Amino acid sequence: MSRAFQVSKKRAEYFDVTDYLENPSYNLSDADEKNLTQLDVIYRALVSILFNYVPTSGHPGGSISSGRFVSHLLYHAMDYDFSNPLRLDNDIISYTAGHKALGLYAMWALRNECVRATGSALLPKTEKMQLRLEDLLGFRRNTVQGTPLFIKFHAKPLGGHPEPLVPFVRTSTGASGVGVGSGVGLAFGAADAYGENCPRVNMVEGEGGLTAGRVSEAVAMASTAQLKNAVFHLDWNEASIESERVTAENGNPGDYVQWTPLEFFYIHDVNVIYVPNGHDFQQIHIAQQLAKEIKNHQPTAIVYRTTKGWKYGIEGKASHGGGHKFASDGFYASLEEFEKTFNVKVPHFEGDKTPENVEKYFWESLQTVRQAVEKNKELASYVAKKLQDSVARLDGQKRIVREDLGDVEKLFQFDPKKVPAQFSLKVGESYTTRGILGDVLGYLNKETNGSILMASADLYGSTGAAGVAKPFAAGNFNTQTNPKSRRLSAGGICEDGMAAVCTGISAFGKHVGVSSSYGAFLAFEHVAARLHAIGVQAAREAGQKANTFILFNGHASLPTGEDGPTHADPQALQLVQDNFPKGSCITATPLEVDEIWPLVAKSLSLKPAVFSPFVIRPSNKLMDRTALGVEDAQRATQGVYYLRRAKGKADGTIFVQGAGVGREVIEKVLPVLKENVNIIYITSRELFEQLPQAEQEKLVPTELLKTAMGITDFTLPTLDCWLNSVAGRKHSLYPHKDGKFLSSGSSAKVYEEAHLDGASILTAIKAYVNDLKKASHWC
């Protein structure tokens, strides 16, 4: 008979709250339970009203099923200063399940309304720092809403998923799994900044959200690093958009995955606290108290078994992204408990369904919530008292950022022109751009005393990213055994998860997160980068600090030819260049190693949300710019510089982008080129665009674009802004020009196959110049 399979021993522990129901140390008082229950009645009514008056948009089911454990978190378990959302030592709550945003807004507005009703000094002094009842008029509406009350009350435009425009929200969440990753990143940032006495990061998620692969990766990073301050609150309701049994349970297979959330977390070495009834405040209270008492330094997951759409009138998957029809009997029935409990009457909608009339009844319905709170002073005072207790606990914690953590602001203040001695590189010596990029970031990390935390997909040495953490303790970061390391264990080959984690690190505000892999795999990281950019835009508007996230793209494009088209992919740059709002992302494609310091320093000085440099694998000898007539490396900060300027009237203009093809041009084309053409190397489209228009015109006159051709390691669309003629596009060279993916081979052979080798480039330039001379109609 074969031996029974056993799960290996874990550092984590398992708890069932029913084992503590008779323990008086974990008792929730009757008064607490009464007040929390009344708050939940108002909250569920608010959720229903919001969904109805968007109209009928949002996710009421999950907002309701998570409501009770979130309410207990806000009024009992978390230590934070309600009057100051920007306090860095606050405990954090992150709605990593971003579709529960409707619930977040309802919960925040109810809390604000209770404090307002008491006249407490805890109410934040500015409307920007509050989420008021009036702001709910902006749910799923944008800045051009234009309806009368939206304008009158200066309502916040509240996104369909959370953004840091909302007080106490630190990251943008919603894309499946990215929220958990950024939440874990917040926990990394807090743990490194504050050490043992660090803020806790509470992540609100559902079992469906665990199914994304990047969640497993991020949870693995948290447990491996022993992030005790990462606390997952799992709303296990088993209902998704299309399923009523997402996971396995009670011996039945799941529609999507064959684990339970309890198993998922425990197998990742995360403490598990099981709450069989996630709507029972007594059980919730026990769980959240136990979570604070665990001493093994592992992350903790509280798994609450709930019913999606509890007491809403529609349960399960039907309440996931849907609910009662507009102003229907079902909608009004969902408000009856609220009306009866607080002796109020929600108005019934009448008239035409115009935006103005919908808003009118929306506001009148919200005012019944205000009436209920103002009539129940005891309940409002309860909330105010609990928030006073919370800030008192926070003050008592005396959380202090560790003295030896450097100032991340210094990272954005280095002078591109003041090149450190170690980057005064020698002409003729061999270097790799990936290695120098790692060393430059490592230098910045050392100078700012460890303000950069970085992760790589099991490729630290390969991509050159190891240099970022080299000045610090060897090995991977661990809060207990290796807290001074700047290198994160990324769970293996896990670009999805590690990118999301690194964005959270940057969002916390004391560090910059760096995620490194092959350029070809940037697609895995792009979603996290995009959400970070969305979050940074909102955070800076709200007065929060949110730092740059760096996408370190090693082994970019064709120079990685030996690995074949799966890895030597030219498409990555197209995902980020010209693909973000102006200023929020800066890409860099340095040709030479002496351009890297000025490009990095200049790009960081502009504080983009995302900085995405592309560097290559091969080692090359540093070119002699003077001998070749190539402009100084400092010109790289302009976004373009001239490899060659035409004498007098030019026969044409050629834009070159990518260090691989750029090397072909400087080594095999420039020395023999006879055509009188401008050859301009592109180091950063975004750095060029940030120049004043007059300077752009002086550097690259518009006239040149009318006939220019391009040569790139990447895709034709990355050159579109430079090529304004049929002739230019006809003669441009790019890896997929022949309509096929390239084969595996040495870098030289792959360039030859792509017709991007020196000889092919010379032939193309001659044909281009001849065409321009023969036929002006090409322009």
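The values are calculated or read from the model by the stated rules, or taken from the named source; none is laboratory data. None of the values given here were measured: they were computed from a predicted structure. Here the Cβ is made from the backbone with ideal geometry for all residues, glycine too, and neighbour counts use every protein chain on show. Please note that ligands, DNA and RNA were not included when accessible areas were found on the heavy atoms of the full protein model with its side chains. Shrake-Rupley method; radii C 1.70, N 1.55, O 1.52, S 1.80 Å.
Proximity of backbone amide H atoms, modeled 1.01 Å from N, is registered between Ile711 and Phe655, Val656, Gln657, Leu733 at under 5 Å, excluding neighbours fewer than 5 places apart on the same chain.
Stretched out straight at 0.36 nm per residue, the stretch from Asp720 to Asp624 would grow longer than its current Cα-Cα span by 31.5 nm.
Under 5 Å from the amide H of Ile452 lie the amide H atoms of Val512, each residue being 5 or more positions distant or on a separate chain, with H modelled from the backbone and absent for Pro and chain starts. 3J(HN,Hα) along the stretch 713-726: 7, 10, 10, 4, x, 5, 9, 3, 5, 9, 10, 10, 9, 5 Hz, from the Karplus curve 6.51 cos²θ - 1.76 cosθ + 1.60 with θ = phi - 60°, whole Hz, x for Gly and Pro. For the peptides 468-478, 679-689, 227-237, residues were scored by their other Cβ atoms within 10 Å and the scores averaged per peptide; the highest-first order is 227-237, 679-689, 468-478. The long axis of helix 101-118 is offset from the longest Cα principal axis of the chain by roughly 60 degrees. Of the trypsin sites (Lys or Arg not before Pro) found in the stretch 36-140, the ones in coil according to DSSP and having at most 11 other Cβ atoms within 10 Å of their Cβ are Lys125. What the pair-distance distribution of the stretch 354-433 shows, using all Cα-Cα distances binned every 10 Å from zero, is 12, 15, 15, 13, 16, 12, 12, 4, 0 percent.
Solvent-accessible area of the chain (1.4 angstrom probe, protein heavy atoms only): carbon and sulfur portion equals 50 percent.
When shorter helices are ignored and each DSSP H run of at least 4 residues is given -39500 (n - 2.57), the per-residue value for the chain at 222 nm works out to -11000 deg cm²/dmol.
The residues neighbouring Leu262, those whose beta-carbon lies less than 12 Å from its own, together hold a net charge of -3 under the Lys/Arg +1, Asp/Glu -1 convention. Here the Kirkwood formula, the inverse mean of 1/r across different C-alpha pairs, assigns the stretch 38-167 a hydrodynamic radius of 15.0 Å. The simple Förster model, with R0 at 35 Å and r as the Cβ-Cβ distance, assigns Ser744 and Glu689 a FRET efficiency of 0.45.
Expressed in Å, the radius of gyration and Dmax of the Cα atoms of the chain are 28.9, 94. Using 0.36 nm per residue and subtracting the Cα-Cα separation, the extra length available between Lys377 and Lys426 on full extension is 10.1 nm. Note that the stretch 469-479 has calculated 3J(HN,Hα) couplings of 9, 4, x, 10, 4, 6, x, 8, 4, 8, 4 Hz, one per residue in order, obtained from phi through the Karplus relation 6.51 cos²θ - 1.76 cosθ + 1.60 (θ = phi - 60°); glycine and proline are x.
Relative to the dominant Cα principal axis of the chain, helix 522-542 is inclined by about 60°. When +1 charges are put on Lys and Arg Cβ atoms and -1 charges on Asp and Glu Cβ atoms, the dipole computed for the chain relative to its Cα centre reaches about 1640 debye. Remark: the stretch 597-686 carries 32 Å² of accessible area per residue (probe radius 1.4 Å; ligands, DNA and RNA excluded).
For the stretch 407-469, a crude dipole built from +1 on the beta carbon of Lys and Arg and -1 on the beta carbon of Asp and Glu, taken about the Cα centre, is about 180 debye to the nearest 20.
Using DSSP to define loop residues, name the trypsin sites (Lys or Arg not before Pro) in the stretch 580-642 whose beta-carbon has at most 12 other beta-carbon atoms within 10 Å.
When the trypsin sites (Lys or Arg not before Pro) of the stretch 580-642 are filtered for loop state and at most 12 Cβ neighbours within 10 Å, Lys582 remain.
As a length-normalised measure over Cα pairs under 8 Å and 6 or more apart, the relative contact order of the chain settles at 13 percent.
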